[in-house]
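Below is one structure, written out as structure tokens, with a few remarks after it.
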Amino acid sequence: MRNPGKYLLAAAVVTSILVAAPLAMGAGEGKPLDGGARNPSDDARQNYTRETEIIANVATYGTRQSNKHPQGGGAIYGCRATAPSANTCVRASNLSNGQAFSFSSQGGAQVGRIESGNRNAAPFTTNATGVATGLNADKVDGKDASDLTSDAVQAANLYATVSAAGNVVSNRGSNGAARDAAGVYRVSFPNTNITQCAYTATAASATPVIATVEPVNEHQVRVRTFTQADTETAADSPFHLTVTC
């Protein structure tokens, strides 16, 4: 060789081009997938920089992923989307009027699970207002289903029917009443603090009578009955009292 330096320089240029070529393609797009390996490479610099689209035109499903191992799952999808990004790790979008997703389990006590690092996070939200057939909600606004049974609801709706003599005829939550004076009665609800409840008294007499009610203490209310013609004239009368808490 008359000028070995010239050939060494040319060889260096060719080598640098060959080394840089995969990086210049920006993530290995256009290369076939390598089964059983990380695609496109373990080198993070080779990550795909464009969407990889799989388009099909079949009457079943465009792609299918399955795992026949008895302990194996079908697929994992991960992402790094942060709020308030509209992108999600998985999105199913039906551009027609059919269902966007479905989940099916052939057995077991649980079809699926939603987990969050923030235990106070809403598990999901929806703008749909239709009835979710078969959905069994165990908690509503922090209350267990047992809190919403008829007995629990009725316990918050107290009442007493009191005679003109001041005797309790029927009740829910009341242990008695007393006639303090003409047209003045006290009714007790010993097991409930009724200071934050609503009261309604209705006269139960053939003679036109009106009734008013006011709290006495946390367990008692006072009912006054008057003739309808004269609201200053007390008149003994049976009445119905409701206390709604």
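Every number in this text was worked out from the coordinates using simple rules, so none of it is lab data. Here the structure is a predicted model, which is why all the values come from computation and not from measurement. Note that each Cβ is placed from the backbone with ideal geometry, even for glycine, and that neighbours are counted across all protein chains shown.
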Problem set entry | Around Gly166: net Lys/Arg minus Asp/Glu count, Cβ-Cβ under 9 Å | 0
Problem set entry | Chain lengthening between Asn167 and Glu115 when straightened (0.36 nm per residue, less Cα-Cα) | 13.0 nm
Seminar exercise, completed: For the range 85-100, Karplus-derived ³J(HN,Hα) couplings (6.51, -1.76, 1.60; θ = phi - 60°; whole Hz; x for glycine and proline) come out as 4, 7, 7, 10, 5, 9, 9, 10, 10, 9, 7, 10, 10, x, 6, 8
Exercise. For labels at Asn193 and Ser205 in the simple 7 Å Cα→Cβ model, what's the distance in nm?
Worked result: 3.6 nm
Exercise. What is the distance, in nm, between label points placed 7 Å from the Cα along the Cα-to-Cβ direction at Ile54 and at Ala122?
Worked result: 3.3 nm
Exercise. If all Cα-Cα distances of the range 152-244 are sorted into 10 Å bins from 0 onward, what percent lands in each bin, rounded to whole numbers?
Worked result: 19, 53, 24, 4, 0
Problem set entry | Sorted by Cβ density within 10 Å, fewest first, the residues Val168, Val111, Val243 | Val111, Val168, Val243
Problem set entry | Cleavage-rule hits, trypsin sites (Lys or Arg not before Pro), the range 49-140, DSSP coil, Cβ neighbours within 10 Å at most 15 | Arg50, Arg64, Lys68, Arg80, Arg91, Arg113, Arg119
